[in-house]
1. Can you give me the Cα centroid spacing of the stretch 234-284 and the stretch 121-162 in angstrom?
2. How high is the relative contact order of the stretch 88-284? Use alpha-carbon pairs under 8 Å, at least six apart in sequence, and give a whole percent.
3. Name the long-range amide H neighbours of Trp191: under 5 Å, sequence gap of 5 or more, or other chain; modelled H, no Pro or chain starts.
4. What are the ³J(HN,Hα) values, in whole Hz, obtained from phi via the Karplus relation 6.51 cos²θ - 1.76 cosθ + 1.60 with θ = phi - 60°, for each residue of the stretch 252-264 in sequence order, with x given for Gly and Pro?
5. Per-residue counts of other Cβ atoms within 10 Å, averaged by peptide: what ranking do you get for 167-175, 92-100, highest first?
6. I need the semi-axes of the equivalent ellipsoid of the stretch 88-284: take the C-alpha gyration tensor, multiply each eigenvalue by 5, square-root it, list largest first in whole angstrom.
7. Just order 225-231, 205-211 by mean Cβ neighbour count inside 10 Å, highest at the front, would you?
8. Give me Asp223, Asp140 ranked fewest to most by other Cβ atoms within 10 Å of their Cβ, as a rough exposure proxy.
Amino acid sequence: MTKDQVPPRLLTRRRALLAGAAAVTAAGTAGVFAKVAGDTDKPVRTAAPAAGAQARPALKPSSYRLQPLTGYGPPRVAPRRTLIRREPLLSVSGRGRTMVLTFDDGPDPRYTPHILDTLREYDVRAMFFVCGEMAAANGDLLARMADEGHVVGNHTWSHPLLTRLSTRRIREEMERTSDVIEDTYGERPVWFRAPYGAWNRTAFRLGAELGMDPLAWTVDTLDWTAPGTRTIVDRVGNGAAPGVVVLSHDAGGDRSQSVRALRAYLPQLLDSGYFVTVPERHYA
Ligand SMILES: [Zn+2]
């Protein structure tokens, strides 16, 4: 299907999606320091410091794309491409006490519907980094995510360790997943997350070519180790802070603890005054 042949139902979803995206910009505004995922000792400056709307409110999207930022050759001007980063974003910047919940590896019909039910109960939007093979088998769940305003990101087709793959295979993993997301969700994804948080330069470059920004996380619930619902809830509660991105999983194993934990920590976050939402991208 070409972009000019989007059926009316998908246009409705797109409106819902855009309406659900709140005024949160991707982290990376000047002066933001964060820690690289998987390296708890070494603080680094996040890449691409000029992409935040707050930093340069006067720039139009077409202008900010022309800023020389990351040192990977000449600026790219193709409208669908994004800046090539050297590190993934680890947090979001927004107004006030904003947090983002992300769920990886799905969708899984055993768990994802329960997570969606809880999010709907509290009228909260979240991000789902889906695997293409899961999305292809559960297109109805991606359609529901679109209808309910959630953001779907690309988590590769089969969840490989990208750092061990050829450029051709990485491209296949990413491109095929974006294709199936477009078919089932109605929009191509604008966010990408590498399996295991293992990015390399090729993944950053191909992600940018496919119009996606790399998003990692701030707080890892380690829910995939099934540490107990209470532990997951505590990890989210202890890690809660403005701009925090929380990593959980809705597939890849028994995720019943993740489902139960969300029912507990989501109302706690909201009661604490957090605005749980999804990051906004700057569309060309
Ligand atoms: Zn994953």
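Only the coordinates and a few stated rules stand behind these numbers; no lab work does. Everything quoted here is computed from the prediction, not taken from an experiment. Glycine also receives a Cβ, built like all others from the backbone with ideal geometry; neighbour counts cover every protein chain displayed.
1. Each part's Cα centre sits 15 Å from the other's.
2. The normalised contact order for the stretch 88-284 reaches 33 percent.
3. Distant-sequence amide H within range of Trp191: Asn154, Asp213.
4. Residue by residue, the stretch 252-264 yields x, x, 6, 10, 5, 5, 5, 5, 5, 4, 4, 4, 8 Hz.
5. For the peptides 167-175, 92-100, the packing ranking is 92-100, 167-175.
6. Values for the stretch 88-284, descending: 25, 18, 16 Å.
7. My ranking of the peptides, most packed first, is 205-211, 225-231.
8. So the residues, fewest neighbours to most, are Asp140, Asp223.
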